[in-house]
Amino acid sequence: MSGLNKKRVLEILSRSNGDDKVSMYCDRALSTLILLNLLAVSLESIDQLSTQYGFLFWAFELFSVTIFGCEYILRIWSSDANIDRKTESSAKSRFGYIFSFTGLIDLIAILPSILPLFLGQMDLRWLRVLRLVRLLKISHYSTALEDLISAIREERNAFGAALYLFCIALFVSSALMYVV
């Protein structure tokens, strides 16, 4: 990679602030690929489309997993350039990313396509559902998920009270349905 170092790769893969055109294009391209994957998973669930366009779905999945796999490897490789982790060793920094929320999401996003290579011809259709986890990869490129988690933390008492009332309503309605 001539001219690219870990810090620059990390900048490109990190959320763009609008000043870095390459990072912005990378964000948009990966976000678009994620949304196209969700569309493909939805369309592939229709038997007629799956039968007729199965090869195209497979080719798109292979393309997507290649891109997501490269992104995952590059994120691991460049994770020790992270300013927050300057005091850690490279290995500790890489493991820190691998076992972080976003690192696990990135891994789970590619696992459904990689596992059949190692597990053989087992019926792994249930793994397709895990492909929907790719939607969570958008958190790399948007602050929306961070904002939602922050709001939930701030209002956790209200959510707890609402959950309590929901459980009571569920129990009462279940009991009434059982009696009637």
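Points to keep in mind about this one:
So that you can scan it fast, the table gives a plain yes or no per residue for (1) at pLDDT 75 or above; (2) assigned by TED's automatic domain parsing to the domain that holds Thr32; (3) among the hydroxyl-bearing types (Ser, Thr, Tyr):
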| position | (1), (2), (3) |
| --- | --- |
| Asn82 | no, yes, no |
| Phe95 | yes, yes, no |
| Leu124 | no, yes, no |
| Phe171 | yes, no, no |
| Val179 | yes, no, no |
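- Single residue of segment 52-78 satisfying the filter (of a type in the set (A, V, I, L, M) and within 14 Å of the chain's Cα centre (by Cα)) that is surrounded by the fewest Cβ atoms within 10 Å (Cβ to Cβ): Ile67
- Members of segment 1-44 found to be in contact with a Leu (Cβ under 6 Å, 6 or more places away or on another chain) and without any contact (Cβ under 8 Å) to a residue 24 or more places away in the chain, listed by number: Leu43
- Listed by first and then second residue, the pairs linking a residue in segment 89-114 that is among the charged types (D, E, K, R) to a residue that is at pLDDT below 85 and surrounded by 20 or more Cβ atoms within 10 Å (Cβ to Cβ), with Cβ atoms under 8 Å apart and 6 or more places separating them unless they lie on different chains, are Arg94/Asp80; Asp106/Lys137.
- Subset of segment 169-180 that is in a helix (DSSP H, G or I) and loosely packed, with under 10 Cβ neighbours inside 10 Å - its residue that is farthest from the chain's Cα centre (by Cα): Val179
- Leu132 being under 20 Å from the mean Cα position of the chain (by Cα) and at pLDDT below 70: yes
- Leu49 being of a type outside the set (Lys, Arg) and loosely packed, with under 13 Cβ neighbours inside 10 Å: no
The values are calculated or read from the model by the stated rules, or taken from the named source; none is laboratory data. Fair warning: this is a prediction, and the values are worked out from it, not measured in the lab. Counting neighbours? That spans all protein chains shown, and the Cβs are built from the backbone with ideal geometry, glycine included.
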